[in-house]
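Worksheet: the structure to be examined is printed underneath.
The values are calculated or read from the model by the stated rules, or taken from the named source; none is laboratory data. Note that this is a predicted model, so its numbers are computed, not measured. Heads up, the Cβs are rebuilt from the backbone with ideal geometry, glycines too, and the neighbour counts pull from every protein chain shown. For accessibility, only protein heavy atoms count, side chains too; no ligands or nucleic acids. Shrake-Rupley method; radii C 1.70, N 1.55, O 1.52, S 1.80 Å.
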Amino acid sequence: MKTIVIGTGLASALLFSTLAATQAYAQTSKLATVIKRGELICGTDNTKPGFGYMNPKSGRLEGFDADYCRAIAAGILGDANKVKMVALTDKSRFNALQNGEVDVVFFHTTVTATRASVVGAAFLPVNFYDGTGVLVKKADKIGAIADLDGGTICTTQGSTTEAVWADYIKGHKWQPTTQVLTYQDLDKLFAALNSGRCNAMTTDKSALVGWKGNAPKPDDFDVLAETISKEPLAGFVRQDDHQWQTALTWINYALIQSEEFGITSKNIAEKAKDPNPDIQRFLGLDGDVGKNLGLAPDFVQKVITGVGNYGEIYDRNIGPDTPYGIARKGSLNDLWTGGGLMYSPPFR
């Protein structure tokens, strides 16, 4: 598309701005497309226990990220089950979105400047604060990351972890014999660790805890205490659809705000009777929040009924009563009222 400069000054700038806005709004938003289709297509992983993993017993894709896919379906279509989940890899997740294979991606993905600019991902609110860690076999007696100098470290292709380790090795002036090998997905990565091909498996700590907890003998493995990077994780959409991004952003916030209000999948009917104007507006019983977002007035109620609030999703998939037991209380993933970073802007 050619850019045509019409005159100079404020008038021409306003004209150009108006033409650009007209072209943008002339495009059909993904929101309308998904509503018409009656099904959300959500890209996620199927190799990360606790986040996106095919349960061999139920034949159902389960996990924290999978439930976020269901939350979006509930908010847009009123039904958490109206979602088709497409299994992606670290390497394919961005192309799948840009090519239109999926509508949104929840894939344990780190928010970075390059991904938000060069790659063209429009990130939704951070839903999990993580960091790069290391999983080792207990029998190898590796007690700290420094013990891996000169060894072989394995991670997934197309992940931020590759760059993190390149910087770490260079910054710590490790031996030239230190190797970083990459594999397509975590299944192959874990197999490489088990076979002795790698001295360590590295990715986000939450994923490592998932693999340890899901192993036949969890006590055979250790997740080292050290964390070597910041990895804020979030879902993402394409950058060319502001309405779609905005709608999904506020569905994400609804999960956090509902927990702050104490609204759960079990008590939502009772909470709807609360005269608190903030809760009435939040649940779509007053005001035009849903309408302004292009959603049903009661979209928040559909989300909470379908998947629960943020805390319910967390506890169900990775919390203390799961094999992974990822602590939340007092962590960055706690609500802001508990000293964490989970915070929603007001629904008004």
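Go ahead and estimate [θ] at 222 nm for the chain from helices alone: -39,500 (n - 2.57) per DSSP H run with n ≥ 4, summed, over the residue count, rounded to 500. Intermediate values should be presented prior to the final figure.
Values: 14 runs with 135 residues, N = 348.
One gets -11000 deg cm²/dmol as the mean residue ellipticity at 222 nm.
Could you pull out every residue, at least 5 positions away or on a different chain, whose amide H is within less than 5 Å of the one on residue 340? Hs are placed 1.01 Å off N in the peptide plane, and Pro or chain starts have none.
Here 334, 335 satisfy the definition.
How much accessible area per residue does the chain have, counting only protein heavy atoms and a probe of 1.4 Å, in square angstrom?
Numbers: 16620 Å² over 348 residues.
Using a 1.4 Å probe on heavy atoms only, each residue of the chain averages 48 Å².
What percentage of the solvent-accessible surface of the range 299-348, computed with a 1.4 Å probe over protein heavy atoms, is contributed by carbon and sulfur atoms? Can you show the working numbers first?
Details: 1300 of 2410 Å².
Solvent-exposed carbon and sulfur of the range 299-348 make up 54 percent of the total.
Longer than 32 Å from Cα to Cα, which of 82/266; 230/291; 82/137 are they? Say none if no pair is.
230/291; 82/137
What shape does the range 213-263 take by its C-alpha gyration tensor, where a ≥ b ≥ c are the square roots of the eigenvalues and a/c under 1.5 counts as rounded, a/b above b/c as prolate, and the rest as oblate? Present the calculation step by step, with values, prior to reporting the outcome.
Working: a/c = 2.79, a/b = 1.88, b/c = 1.48.
Note, shape of the range 213-263 comes out prolate.
Relative contact order for the chain: what percent, with Cα pairs under 8 Å and sequence separation of 6 or more? Each step should come with its number before you reach the end.
Details: 629 pairs, mean separation 70.3, N = 348.
It comes to 20 percent, rounded to a whole number.
In whole angstrom, how far apart do the alpha carbon centroids of the range 191-209 and the range 245-264 sit?
If we compute the Cα centre of each part, the gap is 34 Å.
Read phi for every residue in the range 184-189 and hand back ³J(HN,Hα) as whole Hz from Karplus 6.51 cos²θ - 1.76 cosθ + 1.60, θ = phi - 60°, with x for Gly and Pro.
5, 8, 6, 4, 5, 5
What pairs in 48/271; 141/329; 141/170 have C-alpha atoms more than 27 Å from each other? Write down the numbers at each step before the final one.
Values: 48/271 35 Å; 141/329 30 Å; 141/170 24 Å.
Exceeds cut-off: 48/271; 141/329.
Peptides 205-211, 131-137, 183-189, 88-94: what's the order by average Cβ count within 10 Å, highest mean first? Can you show the working numbers first?
Values: 205-211: 25.9, 131-137: 22.4, 183-189: 19.0, 88-94: 20.6.
Per-residue Cβ counts within 10 Å, averaged per peptide and sorted highest first, yield 205-211, 131-137, 88-94, 183-189.
Taking H placed 1.01 Å from N in the peptide plane, check which residues at least 5 places from residue 131 or on another chain put their amide H under 5 Å from its amide H.
The answer is 205, 206, 231.
Could you go through the range 112-129 in sequence order and give the Karplus-derived ³J(HN,Hα) for each residue, using 6.51 cos²θ - 1.76 cosθ + 1.60 with θ = phi - 60°, rounded to whole Hz, and x for Gly and Pro?
Taking θ as phi minus 60°, the curve returns 9, 5, 5, 5, 7, 10, 5, 6, x, 8, 9, 7, 8, x, 4, 10, 7, 9 Hz for the range 112-129.
Residue by residue, what Karplus-based ³J(HN,Hα) values in Hz, rounded to whole numbers, does the range 144-151 have, using 6.51, -1.76 and 1.60 with θ = phi - 60° and x for Gly and Pro?
Calculated HN-Hα couplings, in order: 8, 4, 4, 5, 8, 4, x, x Hz.
To the nearest 10 degrees, how steep is helix 9-26 against the longest Cα principal axis of the chain, on a 0 to 90 scale?
80 degrees
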